[in-house]
Amino acid sequence: MESISVYLVGRELLEAFLILLPAYVSNPTAVVFGGGVPIDFGRRWKDGRRILGDGKTWRGLFGGTLSGGVIGILFMSMYSRYSPTFTIREAYGEWTTFLFMSFWIAFGGMVGDMLGSFIKRRRGLRRGEKAPGLDQWDFIIGAFILLLPFPWFLKKNFSGAYSIVGLFLLLLLTPLIHRAVNILGFRLGLKKEPW
Ligand code: CTP
Ligand code: MG
């Protein structure tokens with residue numbers, strides 16, 4: 001009995017991760033594609049500080065959204081192919097919805113990242129300065145904000161008891177995942193700071 005529930009929670013954890021994978025991927029790939037014109041075009045907020053800063057660029061936004069969507073679609077397709085229980089139809093409905101949702105969640109990750117930068121700038125933090133909490137969760141928060149117009153999707157995938165526990169564990173693990181990916185990016189010379 002106990003091992004069954006551990007298995008079920010583990011499966012829900014993995015499925016929550018795979019559903020949100022586009023957002024987990026868009027953040028680090030934005031670093032790879034990023035550079036060039038900043039999203040705020042260099043403009044300033046009323047407080048005299050940059051709206052988002054030079055760390056948020058159009059290239060990063062598009063590159064991150066596209067690669068997050070594509071990689072999410074690839075992994076989810078593979079998973080649903082080999083999982084005896086998980087189906088795209090059940091999780092997303094139509095196949096086209098699955099494609100849309102993957103890019104939408106990748107974009108949500110980018111929106112969360114931008115919101116994080118917006119808040120950092122309002123707090124007077126310069127580009128790249130640490131903001132514990134925000135840096136680690138902003139992209140997931142963004143993904144969920146963009147999922148709010150789709151309550152059926154949240155209900156289908158994040159409402160069962162096991163799903164909620166799985167999602168909770170995933171959120172607890174997220175700073176570790178975030179940190180590991182950033183250290184990797186730093187070592188590869190892609191990122192200026194290991195956070
Ligand atoms: N990046 C980008 N466009 C995005 C997001 C990220 O070009 N939309 C690139 C930038 O080169 C950025 C790097 O990825 O410097 C790291 O991203 P992140 O840590 O989110 O930005 P920071 O430079 O730390 O800036 P901030 O303080 O605003 O978070
Ligand atoms: Mg940063």
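Just so you know, all these numbers are worked out from the coordinates, no wet-lab data involved. Remember, it's a predicted structure, so these values are computed and weren't measured experimentally. Here the Cβ is made from the backbone with ideal geometry for all residues, glycine too, and neighbour counts use every protein chain on show.
Observations on the structure shown:
- Relative frequency of Cα-Cα separations exceeding 31 Å in the chain, percent: 20
- Helical contribution to [θ] at 222 nm, DSSP H n ≥ 4, -39,500 (n - 2.57), averaged over the chain, rounded to 500: -24500 deg cm²/dmol
- Alpha-carbon centroid distance for the pair region 41-69 / region 126-162, whole angstrom: 19
- Label-point separation, W45 to R81 (7 Å along Cα→Cβ), nm: 4.5
- Packing here is the average count of other Cβ atoms within 10 Å per residue, and on that basis the peptides 137-145, 151-159, 166-174, highest first, run 137-145, 166-174, 151-159.
- Residue among P84, F139, F186 farthest towards the positive dipole end of the chain, charges placed on Cβ: F186
- Computed from Cα atoms, the angle from the helix 58-82 axis to the main principal axis of the chain rounds to 10 degrees.
- Basic side chains Lys and Arg get +1 at the Cβ, acidic Asp and Glu get -1 at the Cβ, and with that the dipole of region 54-195 about its Cα centre reaches some 460 debye.
- In whole angstrom, region 103-195 maps to an equivalent ellipsoid with semi-axes of 26, 16, 12, each derived as √(5λ) from the alpha carbon gyration tensor and ordered largest first.
- Site pair E2 and K155 shows an inter-label distance of 3.6 nm when each label is modelled 7 Å from Cα along Cα→Cβ.
- Projected label distance in nm at T97 and L148, using a 7 Å step from Cα toward the beta-carbon: 2.1
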